[in-house]
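Data first, discussion second: the structure below is written as structure tokens.
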Amino acid sequence: MSGQAAKNQSAISVTNAKAQAHVALTERYRGPSTEPVGWNETLSVLLAHRSVRAFLPRKVEPWILEAAIAAAQSASSSLNLQLWSVIAVQDPERKARLCLGVADQRWIREAPLYLIWAADLSRHARIAERASVGDDLLDPDNLDPLATSLVDVSLAAQNAAVAFESLGLGFCYIGAVRLYQQELRDELALPSHVVPIFGMCVGYPDPDRPTGVKPRLPQAAVLHRERYDATAEAGYIDRYDAHMYAFQGEQKIQQVIWSEYSLRRLFNLHASEGREAYNAALRDLNLAR
Ligand SMILES: Cc1cc2nc3c(=O)[nH]c(=O)nc-3n(C[C@H](O)[C@H](O)[C@H](O)COP(=O)(O)O)c2cc1C
């Protein structure tokens, strides 16, 4: 390629990158944002994220699962302890049983692959047993192992999620699994100190049932420069309520005021029926007595 041709090529790709950035940022924030100076394909994949709840009946190829798990294992891990495991469920009957266990969400049944992501301290319990150092290695009153395993499993799962999206697949997290600890324990043969934190249905999105990019809070509501500053927050929340209301209208789903709805949902987290089983399971991560 001549020098001039190379120059033209890079001018085109800069223009394309800027256009891609503009579309992605406008969709995410629903409004003008500062012109980005740089952009790349990774950012395009990340910003195009939307939860997918309608899948084609097409299997996920084994290499894709393995690549996604390699991505998951490439995430940072506190002290490199790697305190997580994932159970891949593809058997339709088992998937259906797991679906019934979690308030029947159709997309779990439809997705060809259902991943159960678990915080896992059992591996270290076995290491301790093999080393004959006893099973009171951890202090059940110290929340650190619990927090560490929750962070580890979340970072790993999100890396896998981005890997799936980069390959043209879609996914949806399933948080309800936390309330069905006993059902999952039985169905998946989980030992103690393994606690399912969320599920993830994975598959090829059905193009006939598309989902839009859900707007997020204005960046200034979450990015605090140097010191925390919530003085302009009320305006950001009002603006976001309006964006979410418009989004729900476009998606033809029930329209609610985000700030009111999210308060109710947060309260439900405190009041949910399955919380005792979940609390007990989380205590198990500290190798509680
Ligand atoms: C931990 C976690 C649990 C979730 N659980 C569910 C769920 O049980 N069912 C569901 O349909 N979506 C679930 N979601 C997806 C969220 O509703 C979704 O990420 C959020 O509304 C933002 O939409 P978006 O992912 O399309 O941007 C969950 C997401 C997370 C992070």
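Quick notes
- Number of positions in the stretch 114-158 that are assigned to a helix (DSSP H, G or I) and closer than 15 Å to residue 197 by Cβ: 15
- Residue in the stretch 93-109 that is over 18 Å from residue 198 (Cα atoms), more than 13 Å from the chain's Cα centre (by Cα) and not charged (D, E, K, R) present: no
- Checked against the criterion of being over 30 Å from residue 50 (Cα atoms) and basic (Lys, Arg), the stretch 116-125 has at least one qualifying residue.
- Those residues of the stretch 188-229 which are touching a residue at least 60 places away in the same chain (Cβ under 8 Å), within 19 Å of residue 84 (Cβ to Cβ) and surrounded by fewer than 20 Cβ atoms within 10 Å (Cβ to Cβ), in sequence order: 188, 191, 192, 198
- The residues listed here are 116, 127; of these, the one that is touching a residue at least 24 places away in the same chain (Cβ under 8 Å) and either among the β-branched types (Val, Ile, Thr) or closer than 21 Å to residue 179 by Cα (or both) is 116.
- As a summary of the residue check, residue 122 satisfies the conditions (1) within 16 Å of the ligand (Cβ to nearest atom); (2) out of contact with any Cys (no Cβ under 9 Å at 6 or more places or on another chain); (3) hydroxyl-bearing (Ser, Thr, Tyr) except for the one numbered (1).
Per-residue answers, yes or no, for (1) within 15 Å of the ligand (Cβ to nearest atom); (2) closer than 19 Å to residue 95 by Cβ; (3) assigned by TED's automatic domain parsing to the domain that holds residue 85:
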{"site": "153", "(1), (2), (3)": "yes, no, yes"}
{"site": "162", "(1), (2), (3)": "yes, no, yes"}
{"site": "170", "(1), (2), (3)": "yes, yes, yes"}
{"site": "191", "(1), (2), (3)": "no, no, yes"}
{"site": "198", "(1), (2), (3)": "yes, yes, yes"}
{"site": "201", "(1), (2), (3)": "yes, yes, yes"}
{"site": "232", "(1), (2), (3)": "no, no, no"}
{"site": "237", "(1), (2), (3)": "no, no, no"}
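- Considering the conditions (1) away from the ligand (no atom under 16 Å from the Cβ); (2) in a loop (DSSP other than H, G, I, E, B); (3) over 24 Å from residue 150 (Cβ atoms), residue 20 is excluded by exactly one of them, (2).
- Residue that is nearest to residue 161 (Cα to Cα) [pool: residues in the stretch 103-113 that are outside any helix (DSSP H, G or I) and more than 12 Å from the ligand (Cβ to nearest atom)]: 113
- Verdict on residue 93 being under 30 Å from residue 78 (Cα atoms), in the same structural domain as residue 186 (by TED's automatic domain parsing) and not in a strand (DSSP E or B): no
- Members of the stretch 50-84 that are charged (D, E, K, R) and touching a Cys at 6+ places or on another chain (Cβ under 9 Å): 53
- Conditions (1) farther than 30 Å from residue 120 by Cα; (2) within 16 Å of the ligand (Cβ to nearest atom): number failed by residue 33: (2)
The values are calculated or read from the model by the stated rules, or taken from the named source; none is laboratory data. The model shown is predicted, which means the values in this text are computed figures rather than measured ones. Neighbour counts run over all protein chains shown; Cβ positions are idealised from the backbone, glycine included.
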